[in-house]
Amino acid sequence: MLTLRLKPGEYLVIGEDITIQVFEKKRNYLEVAVEAPKDVPVLRGEVYEQNNPRPPFLRENRSQTLCERNANIRRRETLARREDAARQLKAFLDKLENDNPKLVDEIITMREQVSRLNGELKT
């Protein structure tokens, strides 16, 4: 795969009749112009992928905005706290079950609830 860095105004030519020009960079995206014969389909990736697999040579990651990065960090922190709380609850239920064999049915119900909270089971 050929990887190029183009500045606004620069362009590339594919074959003899396809030209792609970078117009300008706006915040987190680029505007490009594509000149191609009418019989050559030009589709955005998400439209193409509705009916076709993603081309294997494409990079998976796009750069994230600061807002997206912060949201992902918060999401990971929340999941880590949830997993930690679920571990603590499971340890507590193990101890409770050993100390109170009469509560087995209630403890089983509580274990199911903890698993749901931790995303292990679907409701």
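The values are calculated or read from the model by the stated rules, or taken from the named source; none is laboratory data. This is a predicted model, so every value here is computed, not measured. Glycine also receives a Cβ, built like all others from the backbone with ideal geometry; neighbour counts cover every protein chain displayed. Surface accessibility is based on the protein's heavy atoms, side chains included, excluding ligands, DNA and RNA. Shrake-Rupley method; radii C 1.70, N 1.55, O 1.52, S 1.80 Å.
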Extension reserve of the Glu31-Asp99 stretch, reckoned as 0.36 nm per residue once the Cα distance is removed = 17.8 nm
query = Per residue, how much accessible area does the chain show when a 1.4 Å probe rolls over the protein heavy atoms, in square angstrom?
reply = 90 Å²
ask   = How far, in degrees from 0 to 90, does helix 104-117 lean away from the longest principal axis of the Cα atoms of the chain, to the nearest 10?
value = 20 degrees
task = Note the count of lysine pairs whose C-alpha atoms are less than 27 angstrom apart in the chain, limited to pairs 8 or more residues apart or on different chains.
result = 7
task = Would you compute, from DSSP H runs of 4+ residues alone, the mean residue ellipticity of the chain at 222 nm, taking -39500 (n - 2.57) per run and dividing by the full residue count, rounded to the nearest 500?
result = -14000 deg cm²/dmol
query = Considering only protein heavy atoms and a 1.4 Å probe, what is the carbon-and-sulfur percentage of the accessible area of the chain?
reply = 53 percent
ask   = Normalised by the residues of the stretch 1-96, what does the relative contact order come to in percent, with Cα pairs under 8 Å and at least six apart?
value = 14 percent
task = Compute the signed sum of charges (Lys and Arg +1, Asp and Glu -1) over the other residues within less than 14 Å, Cβ to Cβ, of Glu10.
result = +1
